[in-house]
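The values are calculated or read from the model by the stated rules, or taken from the named source; none is laboratory data. Keep in mind that this is a model prediction, so the values were computed, not measured. Note: ideal-geometry Cβ built from the backbone for every residue, glycine included; neighbour counts use all protein chains shown.
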């Protein structure tokens, strides 16, 4: 489903950005909250799990992100995504709405994602 394959190093940096943003910024967790953050243009970076079933429930997120010019990245599992966000449950999608101390990291990820999509 992803339009591009993110290298492991970029995925690791994304998890790190999520951990920092969860402590010093704000995250929107879950498909509904993520969708709202994108539609309201509050999302700085959207992270989507690749193991969502059925995949149709997250298929609209990359389209919305492209429309609003918001960077997004797919990560391998919902479990790892939830852990990186500091929650004890798997989650399908997360939007970083306030980057906090992860500003430089998020900007680097946004730049790399833009390069990979070309």
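Below is a table of values for the structure above.
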| quantity | calculated |
| --- | --- |
| Residue within the range 52-69 that is outside any helix (DSSP H, G or I), out of contact with any helix residue (DSSP H, G or I) (no Cβ under 6 Å at 6 or more places or on another chain) and closer than 21 Å to residue 105 by Cβ present | yes |
| Residue match in the range 61-79 (condition: under 11 Å from residue 27 (Cβ atoms) and under 13 Å from the mean Cα position of the chain (by Cα)) | no |
| Any chance residue 17 is assigned to a loop (DSSP other than H, G, I, E, B) and either touching a residue at least 24 places away in the same chain (Cβ under 8 Å) or surrounded by 14 or more Cβ atoms within 10 Å (Cβ to Cβ) (or both) | no |
| Which numbered condition residue 112 misses (of (1) at pLDDT 95 or above; (2) under 15 Å from residue 17 (Cβ atoms); (3) surrounded by 14 or more Cβ atoms within 10 Å (Cβ to Cβ)) | (1) |
| Complete set of residues in the range 81-109 that are in a helix (DSSP H, G or I) and surrounded by fewer than 17 Cβ atoms within 10 Å (Cβ to Cβ) | 100, 101, 103, 104, 107, 108 |
| Residue that is nearest to residue 77 (Cα to Cα) [pool: residues in the range 32-46 that are in contact (Cβ under 8 Å) with a residue 40 or more places away in the chain and in contact with a helix residue (DSSP H, G or I) (Cβ under 6 Å, 6 or more places away or on another chain)] | 46 |
| Residue in the range 18-32 that is within 20 Å of residue 114 (Cα to Cα) and either within 12 Å of the chain's Cα centre (by Cα) or at pLDDT below 95 (or both) present | yes |
